[in-house]
Protein chains: 2
Amino acid sequence: MNATPESLVPDVAAYMRQVGEQARAAARLLSRSDTAARNQALHAIAEAIEAAVDSLKAENARDLEAGRERGLDAALLDRLELTDDRIAAMAEGLRQIAALPDPVGAISDLNYRPSGIQVGRMRVPLGVIGIIYESRPNVTADAAALCLKSGNAAILRGGSEAQHSNQAIAACIRIGLGQAGLPGTAVQVIETPDRAAVGELLRMQDCVDVIIPRGGKGLIERVSNESRIPVIKHLDGVCHVYIDDRADPDKAYAIALNAKTQRYGTCNTMETLLVHTGIADSILPRLAEAYRDKGVELRGCERTRAILGDITAATDADWDTEYLAPILAVRVVDDLDTAMDHIAAHGSQHTDAIVTEDYGRARRFLREVDSSSVMVNASTRFADGFEYGLGAEIGISTDKLHARGPVGLEGLTTLKFVVLGDGQVRG
Amino acid sequence: MNATPESLVPDVAAYMRQVGEQARAAARLLSRSDTAARNQALHAIAEAIEAAVDSLKAENARDLEAGRERGLDAALLDRLELTDDRIAAMAEGLRQIAALPDPVGAISDLNYRPSGIQVGRMRVPLGVIGIIYESRPNVTADAAALCLKSGNAAILRGGSEAQHSNQAIAACIRIGLGQAGLPGTAVQVIETPDRAAVGELLRMQDCVDVIIPRGGKGLIERVSNESRIPVIKHLDGVCHVYIDDRADPDKAYAIALNAKTQRYGTCNTMETLLVHTGIADSILPRLAEAYRDKGVELRGCERTRAILGDITAATDADWDTEYLAPILAVRVVDDLDTAMDHIAAHGSQHTDAIVTEDYGRARRFLREVDSSSVMVNASTRFADGFEYGLGAEIGISTDKLHARGPVGLEGLTTLKFVVLGDGQVRG
């Protein structure tokens, strides 16, 4: 393979078919690779990236130049850029993933059955993972590392604006794979910017086991609608904090402030604050002042506005909006049930928190709120693979099947049954 | 609701929308129901079924008569019939499911993180499960029980030929739900035989969390192709037994015979026997004689035929065929790798077994064969939820995501993250 893609792919369907079959074959070889070989590959890739700083920056400069010519905005160009620091961080990320425990091959629950057979479950790779992402080139190294560590072959499709950067990183990955004796096709970065390649990828059920889209909502919806392959995806993060009337006011203040203002653009940021009517009069003015200091615009229900005065009225649309911005919807509610009804009606099943010192209400909230993360007395901002101790994160799933919430290495594996016998037959 | 369906459903889309919304609302109520209430409902449904034997048989007689008029074959009419024994077995099945441990609400891996929060995972219902099945009316009670036990609301769509039987069972289910104080809409059996209802069901992503088709391959392929909702499905069972040259011949003989002949029509029945060339001369003639006694037709590769003489030559198609009949394809292979290559190329990732006394080969087979059940020295016929100790089985999944292999109550649940804090915020 080669880093000048356009000329190489006259027939996208045939090219993608070849990529898929190579990935399937590589997955079988990976399934028999041992932990040491996969870790060795990750370290070798890190070294290859460090050794290639100059060529990575040169290829990245081509992408940046093309991006400027196409008039990409400054934020996008910033995400696209590979600096010395970012290249060093990529290599460091690979080494951190190498240091994680190997999830593959672990056998659990191995028990004898009355028939005399022993039945257990073995954690195994999913097989071939297709990842479709946008402009950040570091995702290429990160996604490759997570797939490789968990024993999966990967087909990566990055944004076309990062095409040269991604192919340069792919070359480093192939060097590392080769040094560890693993097939170079274990990680393939699609070489054509042709969008038809994505359509082909999403229809290769025989070659690809799961598709993970990473990026904006538009990308994710397009991929889920078009895919014939199961998708692990992240859609909205309309997260709530509910301050109960039995909340500790200082904890409520700290959590409501942190959940909104620690970062505005993240999926686990609070978008709607629900406040029990019994504590609203005392806590809302104090919180409103803090939000005002941070420049957060409040949009309130009528009862909120009766307490706070000069704030915008929330419309129906506000309760369903993921602002990803310094805006917060606020609603005063009568009780826990109303709060949970609101979350069921308007939430996105991502992350929701209650602040309360009441044991029974905490238990009910934990059990009844149907979100990927449900919290008591903690900021929604903790919903994150690293904070949860997963060691890595490929994304946060808002699906219910297979992987829910932050997805680490375990989410890239599945369990098969293993049966050990001594000649048993069924009677 | 009422048991005379046709007249009731003038607008299928509106009817299904109502069914979906009622299921979603019932799922929320079920999520706060306790173990005792759900078990009480299962016992009450069993009693209602026992009390309704006469009306169940009368409604079933209507289906049987309509089936005879439509010229259904004898096997289908037999599956359709509700006898006293089958009605008693339905009630007994409900009580067995009531006696199983409640999977819902269990919290695992609750650990402190450096930030001070405690993070764990809670097992919760999937929400609303849509089950589409064929003519056996007992599936109505069985599927309802598994969904209810695992805290899920169910939308059931049985075969139109069992319409009256299914509605009569549905009436018993509603009685039991009511007696336990649970919503009658927790289990809804679709009241119209109109096929458009299935199309509507498969597009209600907002109301239904997972679709489980149970029946023939035609049904399952149609449902998977059409569904916009994740599907847990069972496709082919092209299962293999590989007899290694280091096999104990008596174990190999017993397992190969049992895996093929204990039952012919089941998905975990062996369809292809692979035999190491080093043991083929001694074991194949003995096995061939036993198969002949059982009336099993053998179809062999050239080397098999060189040993056994007068058997049919296997064609390429034989290696990919799930016979579900007394037919067996036999191939002599050079070694373990060739056997595993054959399974990877022709198997359906359902259940595959090795017979060997060699430790290293057993380990390789367990690790490298990518099937939902992988066995050493045991008959493939053990691949079953009851034999595995799951206590119940809604089906065997040949998918990789979420649930793989026999699916019991756990497969009808998912894990959410729970976070317990004392006011922690993210720094």
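The values are calculated or read from the model by the stated rules, or taken from the named source; none is laboratory data. Worth saying up front: this structure is predicted, and the values here are computed from it rather than measured. Every residue, glycine as well, gets a Cβ built from its backbone with ideal geometry; the counts of neighbours run over all protein chains shown. Please note that ligands, DNA and RNA were not included when accessible areas were found on the heavy atoms of the full protein model with its side chains. Shrake-Rupley method; radii C 1.70, N 1.55, O 1.52, S 1.80 Å.
Observations on the model:
- Counted as qualifying within the range B:154-231 are the helices (runs of 4 or more DSSP H) with 3 or more residues that are away from chain A (no Cβ under 14 Å) and crowded, with 19+ Cβ neighbours inside 10 Å, namely B:163-179, B:196-201.
- Residue match in the range B:138-149 (condition: more than 14 Å from chain A (Cβ to nearest Cβ), touching a residue at least 12 places away in the same chain (Cβ under 8 Å) and farther than 17 Å from residue B:91 by Cβ): yes
- Hey, residue B:39 open to solvent by 20 Å² or more (accessible area, probe 1.4 Å), in the same structural domain as residue B:171 (by TED's automatic domain parsing), closer than 30 Å to residue A:365 by Cα and touching an Asp or Glu at 6+ places or on another chain (Cβ under 9 Å) or not: yes
- Sole exception among (1) in contact with a His (Cβ under 6 Å, 6 or more places away or on another chain); (2) hydrophobic (A, V, I, L, M, F, W, C); (3) open to solvent by 20 Å² or more (accessible area, probe 1.4 Å) for residue B:345, by number: (1)
Condition check ((1) touching a strand residue (DSSP E or B) at 6+ places or on another chain (Cβ under 8 Å); (2) within 22 Å of residue A:146 (Cα to Cα)) across all residues:
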residue: A:372; (1), (2): yes, yes
residue: A:382; (1), (2): yes, yes
residue: A:390; (1), (2): yes, yes
residue: A:398; (1), (2): no, yes
residue: A:406; (1), (2): yes, yes
residue: A:409; (1), (2): no, yes
residue: A:416; (1), (2): yes, yes
residue: A:419; (1), (2): yes, no
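- Selection count where residues are outside any helix (DSSP H, G or I), under 15 Å from residue B:190 (Cβ atoms) and open to solvent by 10 Å² or more (accessible area, probe 1.4 Å), scope the range B:134-148: 1
- Residue B:78 being of a type in the set (D, E, K, R) and either modelled with pLDDT of 95 or more or over 28 Å from the mean Cα position of the chain (by Cα) (or both): no
- Filter pass, residue A:416 being part of a loop (DSSP other than H, G, I, E, B) and either of a type in the set (D, E, K, R) or assigned by TED's automatic domain parsing to the domain that holds residue A:333 (or both): no
- Selection from the range A:15-27 of residues that are at the interface with chain B (Cβ under 10 Å from one of its Cβ atoms) and open to solvent by 70 Å² or more (accessible area, probe 1.4 Å): none
- Every residue from the range B:382-393 that is in a loop (DSSP other than H, G, I, E, B) and touching a residue at least 24 places away in the same chain (Cβ under 8 Å): B:383, B:384, B:391, B:392
- Taking the range B:394-413 as the range and being open to solvent by less than 40 Å² (accessible area, probe 1.4 Å) and assigned to a loop (DSSP other than H, G, I, E, B) as the test, the residues that pass are B:394, B:398, B:399, B:400, B:401, B:403, B:404, B:408.
- Residue B:52 closer than 25 Å to residue B:27 by Cβ and crowded, with 18+ Cβ neighbours inside 10 Å: no
- The set of residues from the range B:23-82 being assigned to a loop (DSSP other than H, G, I, E, B) and not charged (D, E, K, R) comprises B:33, B:52, B:71, B:72, B:82.
- Of all the numbered requirements in (1) more than 28 Å from residue B:385 (Cα to Cα); (2) within 12 Å of chain A (Cβ to nearest Cβ), residue B:289 misses one, and that requirement is (2).
- Screening the candidates A:325, A:317, A:288 for the property of being assigned by TED's automatic domain parsing to the domain that holds residue A:364, of a type in the set (A, V, I, L, M), closer than 26 Å to residue A:236 by Cβ and not in a helix (DSSP H, G or I) yields one hit, A:325.
- Candidates A:65, A:21, A:47, filtered to the one that is closer than 17 Å to residue A:171 by Cα and of a type outside the set (A, V, I, L, M, F, W, C): A:47
- Residue match in the range A:389-401 (condition: assigned by TED's automatic domain parsing to the domain that holds residue A:254 and within 23 Å of the chain's Cα centre (by Cα)): no
- When we screen A:103, A:114 for residues that are in a loop (DSSP other than H, G, I, E, B) and under 30 Å from residue A:204 (Cα atoms), the only hit is A:103.
- Options A:392, A:383, A:339: the member that is facing chain B (nearest Cβ under 10 Å) and either within 26 Å of residue B:107 (Cα to Cα) or polar (S, T, N, Q) (or both): A:383
- Qualifying residues in the range B:247-266 (those that are within 14 Å of chain A (Cβ to nearest Cβ), assigned to a loop (DSSP other than H, G, I, E, B) and open to solvent by 30 Å² or more (accessible area, probe 1.4 Å)) - the one farthest from residue A:205 (Cα to Cα): B:248
- Within the range A:358-381, if we keep just the residues that are in contact (Cβ under 8 Å) with a residue 40 or more places away in the chain and charged (D, E, K, R), the residue that is surrounded by the most Cβ atoms within 10 Å (Cβ to Cβ) turns out to be A:381.
- Residues (surrounded by 13 or more Cβ atoms within 10 Å (Cβ to Cβ), away from chain B (no Cβ under 14 Å) and either within 19 Å of residue A:389 (Cβ to Cβ) or aromatic (Phe, Trp, Tyr) (or both)) located in the range A:93-110: A:93, A:95, A:96, A:97, A:98, A:100
- Selected residue (criterion: nearest to residue A:85 (Cα to Cα)) from residues of the range A:27-55 that are polar (S, T, N, Q) and at pLDDT below 95: A:33
- Test: residue in the range B:299-310 that is open to solvent by less than 30 Å² (accessible area, probe 1.4 Å), within 14 Å of chain A (Cβ to nearest Cβ) and not small (Gly, Ala, Ser): no
- Qualifying residue in the range A:272-287 (condition: open to solvent by less than 30 Å² (accessible area, probe 1.4 Å), out of contact with any Asp or Glu (no Cβ under 8 Å at 6 or more places or on another chain) and over 21 Å from residue A:334 (Cα atoms)): no
- So residue A:151, is it crowded, with 24+ Cβ neighbours inside 10 Å and in a loop (DSSP other than H, G, I, E, B): yes
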